[in-house]
Structure formats: structure tokens, C-alpha cells
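Some notes on the structure that comes next.
Quick note: the coordinates plus some simple rules give every number you see, no bench work behind them. Everything quoted here is computed from the prediction, not taken from an experiment. Reconstructed Cβ throughout: ideal geometry from the backbone, glycine too, with neighbour counts over all protein chains shown.
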Amino acid sequence: MDDIESLERDLAALAAEAQDALASAADREDAIQIKNRYLGRNGQVAALMRVLRDLPNEARPRAGQASNACKRAIEATFSSLMERIAADELARRIEAERLDISLPARRPHTLEPNPLRAVEQDLIDIFAAAGFEVASGPEVERDFYNFEALNFPPDHPARDMQDTFVLEGEDLLMRTHTSPVQIRTMLAYEPPIRVISPGRVYRVDEDPTHSPVFHQVEGLLIDEGVTFADLKGTLRYFIDACFGLQARARFRPSYFPFTEPSAEVDIGCIFCDGDGCSVCSHTGWLEIMGCGMVDPNVLEHVGIDPDRFSGFAFGMGVERIAMLRHRVPDIRLMFGNDLRFLRQFS
């Protein structure tokens, strides 16, 4: 009987000692170490309870109750302490994060607009007002859509006009223009067709006026009785909307495998007002796009009767238009993400 009473006194004293130690804990880590010192697997309560095997069987339930009472007391003190520590930490964090609502608000940071995106959207809006819908297609394209269906046979020298990123192992490449979208559209829909196809294109090229990745907006109109006059009227509308009613324009004969006849469109140099400067090579003109009547061979490739339908196509580089509109000297500035450059377009 003396042994069990002595064990009860020792457990009560141990509980009081642990409670006093916890009361003086400096922080959360200190409290956890104190708890483990008393209640851990090798803690002081467990060491004291090793005498349990020496007690008679009838005394062991009483010893177990005393041990549990000691543990509960320590656990209760520890829980109360952790709640107080958490409350103190929250109070300190609230104080540290306190906002002075009397101060002026900070101006939120917003992304600077990229001139390419703004110009591309302007071009889409201009042609949408003329009844053109937006069509899109994959940037990794098959040779058939990018070249063959556009009147570029495998051995055609015109393929050398576009330095192409070819993907190994399959008949795949990075599209060199958005014209494949026009082929896919003509294969999917019956005329009349009136679409524009904005998007990224890829060519092996890089200098102050060219980039290996750039953007185009191409247009296609297929219907009965479409003539070159319709093409000129559409592009004159575009030039007026994009560059202003005062902009001079001219059409020069050119060559593209997928249009016949073909032309390139120039506008009066906006840098020298047509007087001649280094930008326009002293000609007074700047090229902005290519265009032409869709070649009958292209219509046959997509199953459209060229005797019944005709159409026109045009294409322009978004970077080229943006450089002209904003007088940007180097195309690489469009892709540099230099905030000093981008903030000029805010």
C-alpha cells in the first residue's frame, strides 16, 4: 500500500513540476520540448511508471488511474498554453499587417499593352465591320495545307521564297503563313466564304525588320462574280480605316503561287510624306501587304468549281503594320517585354 501511495505522490508532484515548466515556456518550440520531456516515450512519467511491474496486481488499476490523471493535467496545461501562444501570434501578425486606411491607396500594377496585340485587334475589328469572320487553325501544319493545296508542288521553286522550319520524322512543319487556315475553311464550308485568319507564323529569319516568329492577318473571300475591283475596294476601305483617309495607296503587279493575278500594296511613306527618305529607300512608298485573285488551281484543290466561283485573298504582317503606325525602328522591340518600350503604348 505504501508503494502505490508513494507512486501517486510522485505522479502528482511530477504533474505540478511539468505545469510550472510549461508556465515559463518561452515559445511554441520550448513548450513542445517540455511536454515531450514529461510525456514522451522516454519521458519522466514513463520512467516513473516502470515500477508498475513490481506492484501487486490489485494495486495496478490504482496506479494506472494516477498515471492517467498526471498525463491529463499536463496535457490540459499544454493545450491551454498552445491556445494562448496561437492567440499571441495572431495578435502580433494582425498588428504587423495593420493597414492605415487614412493613407492614399496604392495604384494597382497592370500589364502594359503590347502594340502587336492592340494592332491585331484593330485589324480584326476593321474587317469584322466589313463582314469578315475570324477563322483559326493549327500552328504545326501538314505540307498539304501549307504548300501543296496552295499551288506549291513539291519541286516548285517558289518554296524557296519561304525558309521553313520542318519537323523531323513526319510530314509536319511550322506554318509559314496563315493561308493553311483558308484551305481548311474552304474544305469545311461551301461558298460564299468571307474570313480572316490572324495568328503566329514561323520562318527562318531574324534581323531588325524580320523575326523567326511573327504574326499575320490574312483574308479570303469566295463567291460568285468576285473581281479584282472588289479586292481593290476592300483594301482601300482597310487603308482608310487603318491609316486615315488621306493615305495614298497603289497596287503593283507581283507574283504569289496561290493568286493570279497578284499584287503588292504600297502606301505613301508616313515618315517623309512621300518625299523620299531612308526608310522608304527614297521611293516615297512603303509596302504593307500582298494580295490577288485566288488561283483556279487552289479552288480545284479544295473542291470548289472555279468556273462558277472566284475570290480574292490578301495577307499582311501585324508587326509591319504596328511598326508603321507607331514608327518603331526595330521589330525585335515588339518581343522584348521591355517595360520602357511597352509603357509608351499605355
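Quick look at the values:
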read-out: Per residue, the convex hull volume that the Cα atoms of the stretch 1-90 enclose (Å³); value: 72
read-out: For Thr176, residues with placed amide H under 5 Å, excluding near neighbours; value: Tyr202
read-out: Normalised alpha carbon radius of gyration of the chain [divisor 2.2 N^0.38 Å]; value: 1.97
read-out: Hz values of 3J(HN,Hα) by residue in the stretch 213-223 - Karplus curve (6.51, -1.76, 1.60), Gly and Pro given as x; value: 10, 9, 10, 10, 10, 10, x, 9, 9, 10, 6
read-out: Once exposed loop GluC sites (Glu not before Pro) are cut out (DSSP; at most 15 other Cβ, 10 Å), longest piece of the chain; value: 225-346
read-out: Unmatched cysteines, the chain - criterion: no other Cβ of a Cys under 4.7 angstrom; value: Cys70, Cys242, Cys291
read-out: Distant-in-sequence amide H partners of Ser254 (H built 1.01 Å from N, under 5 Å); value: Ser262, Ala263, Glu264
read-out: The chain: relative contact order as a whole-number percent, Cα under 8 Å and 6+ apart; value: 15
read-out: Karplus 3J(HN,Hα) series, Hz, for the stretch 118-129 with 6.51 cos²θ - 1.76 cosθ + 1.60 (x for Gly, Pro); value: 5, 5, 4, 5, 4, 5, 4, 5, 4, 6, 4, 5
read-out: Backbone HN-Hα couplings from phi across the stretch 297-313 [Karplus 6.51/-1.76/1.60, Hz, Gly and Pro as x]; value: 4, 5, 4, 5, 4, 9, x, 9, 5, x, 7, 9, 10, 9, x, 10, 9
read-out: Helical mean residue ellipticity (222 nm; -39500 (n - 2.57) per DSSP H run of 4+; nearest 500) of the chain; value: -12500 deg cm²/dmol
